Amino acid sequence: MCGIVGVVSKAPVNQLIYDALLLLQHRGQDAAGIVTQQGRKFFMHKAKGMVRDIFRTRNMRALPGMCGLGQVRYPTAGNAFSEEEAQPFYVNAPFGLVLVHNGNLTNAKALAQELFQTDHRHVNTESDSEVLLNVLAHELEKVTRGVTLKPADVFAAVRGVHKRVKGSYAVVALIAGHGLLAFRDPHGIRPLCLGHNKDGGVMVASESVTLEGTGFEFDRDLQPGEAVFVDLEGRQQFEQCADQVSHNPCIFEFVYLARPDSVMDGISVYQARLNLGVTLAKRVISTVPPNEIDVVIPIPESSRPSAMELAQLLGLPYREGFVKNRYVGRTFIMPGQGVRKKSVRQKLNVIGSEFKGRNVLLVDDSIVRGTTSREIVQMARDAGARKVYLASAAPPVRFPNVYGIDMPTPGELVAHGRTVEEVREIIGCDALIYQDVDAMKQAIGSLNPRLSGFDASCFDGVYVTGDITPADIARLNAGRDQGEEGDEDTSRLALPNAQVA
Ligand SMILES: O=P(O)(O)OC[C@H]1O[C@H](OP(=O)(O)OP(=O)(O)O)[C@H](O)[C@@H]1O
Ligand SMILES: NC(=O)CC[C@H](N)C(=O)O
Ligand SMILES: [Mg+2]
């Protein structure tokens, strides 16, 4: 999951896109970039790091124009350390195109070959997003003649993209001198919504909080397979460009990725997390009698709504036992296990008095590699807790994700091939309570019965785009360079977060 945004406005957009990217920072901490367009010319600045570190005043001044797009990157393909794989990507023909992408293509390797051999296009990085841009460029080239461009041509090109590309993709692109294009994959796995402001501006963004936080009004989510073309006057045209669609948003967005103040595909992320707390409370009762629990403590940040609701239902006190250092970013989306492990201790510290002599129920939104839980349980014990119980608002993460969440190999998932009891032993808690897969789907799905279902592949192993084989997973993972503990690169990557202070 990355965060993407695009704007067509009647005023300069550089500051607006910067502000939008700050509101999307939780979706990607590794790199960021902005492109603006003035006349037929694009202006770009992109680099590794957090938004605040990348854009200095001189960079902002060099981004003129009244339309543009931006991205914050959380790498799930190619090389996490390569500055060249930061987005946006640019190709010069046809017209001049720039693109930002949230998602992950599952056939990027085959497409890259095809682009080279058949379409005679050169892809210069390992990024699937650069492949996607070149497929779009090729499809656009096929349907256009001369230098004029009609929305119908753009939609025909998106049709071509849907036919060739597999996986998940929410996309925003600029076509030089013509306008902004945005589209969503036919399963609607990754989010994308649209809004307007009172000055005639149009914005597309990954999350509704981006619109709200920048003075835009939310109009609607883009539908799976649908594309919108916004010309430079702000006129919008929509078209369904996929032959077959289903609506299966990624359930992990509601569990962890998105901000709780966003509404996605008709579902309030906050309400989804409250509902998960309700169903988790039922699981807790059947495992640990509530009178054996003295206090419920959330593991900040994302678990708070679920923990709060759970505590209220069980009639238990809800207390803050961990203080988060706000200058350390989200640990799960950091590349490299070494950085992640170190960051949990840097990020969270105990308030000892909440633990001493008590039986505590810690609540997290999810347990993925177990990095956070292992450290946290030990910290609770060191602070004098008598019993440490742990509850997860999501079910065990047992399968790799191929749609834009960085959990590519089964081996790194603490619950893969293990029973709950085996995971409990590894984490070192006295009882481990997981959410149930169907209860999770019901808790969130009940908030929008019109959905076809969810992509819940990391929990149930069902891949909504069709069968993903172990060979596909191995192929998608090959070439990933995420660094290992002690790598020079990984320690370097920890710096931007520390420097934000
Ligand atoms: O089992 P793990 O591999 O450790 O991953 C799961 C943890 O990572 C996330 O926290 P993170 O610190 O990224 O973000 P948050 O502050 O939003 O909770 C998530 O909320 C869990 O706490
Ligand atoms: N998580 C994402 O959406 C990442 C987009 C793209 N696959 C990249 O690695 O840059
Ligand atoms: Mg967390």
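Quick note: the coordinates plus some simple rules give every number you see, no bench work behind them. None of the values given here were measured: they were computed from a predicted structure. Don't worry about glycine lacking a Cβ; one is built from the backbone with ideal geometry, like all the others, and counts go over all protein chains shown.
Quick look at the values:
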| read-out | value |
| --- | --- |
| Degrees, to the nearest 10: 108-117 long Cα axis against longest axis of the chain | 20 |
| Spin-label pair SER82/GLN244, simplified geometry with 7 Å Cα→Cβ offset, distance in nm | 3.3 |
| Value in Å of the Kirkwood radius, where the stretch 355-487 supplies the Cα pairs that are averaged | 16.5 |
| By average C-beta atoms within 10 angstrom, highest first, the peptides 99-105, 414-420 | 99-105, 414-420 |
| Volume per residue that the Cα convex hull of the chain spans, once the total is divided by residue count, Å³ | 133 |
| Protection-proxy order for peptides 381-391, 234-244, each taking the mean of Cβ atoms within 10 Å per residue, highest first | 381-391, 234-244 |
| DSSP-assigned coil residues among chymotrypsin sites (Phe, Trp or Tyr not before Pro) in the stretch 304-380, each with at most 15 further Cβ atoms within 10 Å | TYR327 |
| Likely footprinting exposure, MET1, MET264, MET407, fewest C-beta neighbours within 10 Å first | MET407, MET264, MET1 |
| Square roots of 5 times each gyration tensor eigenvalue, C-alpha, the stretch 186-235, largest first, Å | 19, 14, 6 |
| Cα centroid separation - the stretch 165-212 against the stretch 9-27, whole Å | 13 |
| Likely footprinting exposure, THR125, THR409, THR210, THR469, fewest C-beta neighbours within 10 Å first | THR469, THR409, THR125, THR210 |
| 222 nm mean residue ellipticity, helices alone, for the chain (DSSP H n ≥ 4; -39,500 (n - 2.57); rounded to 500) | -9500 deg cm²/dmol |
| Highest average packing first - 215-222, 306-313, Cβ atoms within 10 Å | 306-313, 215-222 |
| Folded to 0 to 90 degrees: helix 337-347 orientation relative to the chain principal axis, Cα | 60 |
| Binned Cα-Cα distances of the stretch 3-246, short to long, each 5 Å bin given as a whole percent | 1, 7, 15, 21, 22, 18, 11, 4, 1, 0 |
| Lys, Arg +1 and Asp, Glu -1 on Cβ, resulting dipole of the stretch 161-314 about Cα centre, debye, nearest 20 | 440 |
| Cα-based helix-to-principal-axis angle, 128-143 vs the chain, degrees rounded to 10 | 30 |
